[in-house]
Amino acid sequence: MLRIVMFSLSTLLLAACSSKPSESTIEKAVMESVYDEGGRELIDVANFKQVNGFQESKARYLAHVTYDMVLVKSADEFAQMMAEESNGNRMLEMQNNVAMMAMKALYGNWKAGDKFPQSIKVQMIKSENGWVAESMERAQ
């Protein structure tokens with residue numbers, strides 16, 4: 001009985017001290033970044049997949065991931081939402097217009113539900129609180 005308990009404890013300790021981040025940990029970091037950029041009201045993530053990874057050191061891991069960025073609102077709905085958000089504030093209105101031009105330059109006149117494939121490299125570092133994303137960049 002003692003052996004079973006000791007084996008279970010050692011298994012748990014090894015899992016807690018994982019040498020690389022799990023795919024779900026990487027996915028969570030990517031989703032937080034995507035939602036910070038566009039907000040959940042505009043962007044969703046689908047078909048997340050880690051396609052490669054490289055352990056650079058005990059505390060660094062480079063992951064190559066792909067996913068579909070799904071635009072939840074159409075270009076017209078997004079423009080309307082931004083107009084309502086500015087609520088007569090001219091500075092915010094100008095910022096929103098620039099953001100809208102950038103979105104249209106990237107995605108054209110998109111419709112709600114349109115998907116755009118993404119391929120990125122995620123640099124993960126091991127911190128006191130576990131694995132966290134240090135940086136993300138588009139994969140070549």
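It is to be established whether one or more residues within region 80-96 are open to solvent by 40 Å² or more (accessible area, probe 1.4 Å) and in contact with a Phe, Trp or Tyr (Cβ under 7 Å, 6 or more places away or on another chain). I'd like the intermediate steps shown before the answer.
As a first pass, look at region 80-96 and keep what is open to solvent by 40 Å² or more (accessible area, probe 1.4 Å): 80-81, 83-85, 87-95.
Of the ones still in play, those that are also in contact with a Phe, Trp or Tyr (Cβ under 7 Å, 6 or more places away or on another chain) are none.
Checked region 80-96: no residue is open to solvent by 40 Å² or more (accessible area, probe 1.4 Å) and in contact with a Phe, Trp or Tyr (Cβ under 7 Å, 6 or more places away or on another chain).
Of all residues in region 34-43, how many are under 20 Å from Gly130 (Cβ atoms) and surrounded by fewer than 15 Cβ atoms within 10 Å (Cβ to Cβ)? Residues meeting the conditions: 1. Which of the residues that make up region 58-78 are among the polar types (S, T, N, Q) and either crowded, with 16+ Cβ neighbours inside 10 Å or touching a strand residue (DSSP E or B) at 6+ places or on another chain (Cβ under 9 Å) (or both)? Within region 58-78, just Thr66 meets the criteria. Residues that are open to solvent by less than 50 Å² (accessible area, probe 1.4 Å), under 14 Å from the mean Cα position of the chain (by Cα) and hydroxyl-bearing (Ser, Thr, Tyr) occur at least once in region 102-123. All conditions in (1) without any contact (Cβ under 8 Å) to a residue 12 or more places away in the chain; (2) closer than 30 Å to Lys20 by Cα; (3) open to solvent by less than 30 Å² (accessible area, probe 1.4 Å) hold for Glu128, with the sole exception of (3).
Among what's in region 131-140 and is open to solvent by 90 Å² or more (accessible area, probe 1.4 Å) and either of a type outside the set (Lys, Arg) or over 14 Å from the mean Cα position of the chain (by Cα) (or both), pick the residue that is farthest from Ser19 (Cα to Cα). Quick ask: steps written out before the conclusion?
Pass one, region 131-140, residues open to solvent by 90 Å² or more (accessible area, probe 1.4 Å): 134, 137-138, 140.
Remaining after also requiring either of a type outside the set (Lys, Arg) or over 14 Å from the mean Cα position of the chain (by Cα) (or both): 134, 137, 140.
Numbers: Glu134: 17, Glu137: 23, Gln140: 26 Å.
In this case the residue turns out to be Gln140.
When you scan region 44-57, do you find a residue that is farther than 25 Å from Gln140 by Cβ and open to solvent by less than 60 Å² (accessible area, probe 1.4 Å), even just one? Checked against the condition, which is being farther than 25 Å from Gln140 by Cβ and open to solvent by less than 60 Å² (accessible area, probe 1.4 Å), region 44-57 yields no hits at all.
The values are calculated or read from the model by the stated rules, or taken from the named source; none is laboratory data. Please read all numbers here as calculations on a predicted model, not as lab measurements. Using ideal geometry, Cβ is built from the backbone for each residue, glycine included, and neighbour counts are taken over all protein chains shown. In case anyone asks, the SASA skips ligands and DNA or RNA and just uses the protein heavy atoms, side chains included. Shrake-Rupley method; radii C 1.70, N 1.55, O 1.52, S 1.80 Å.
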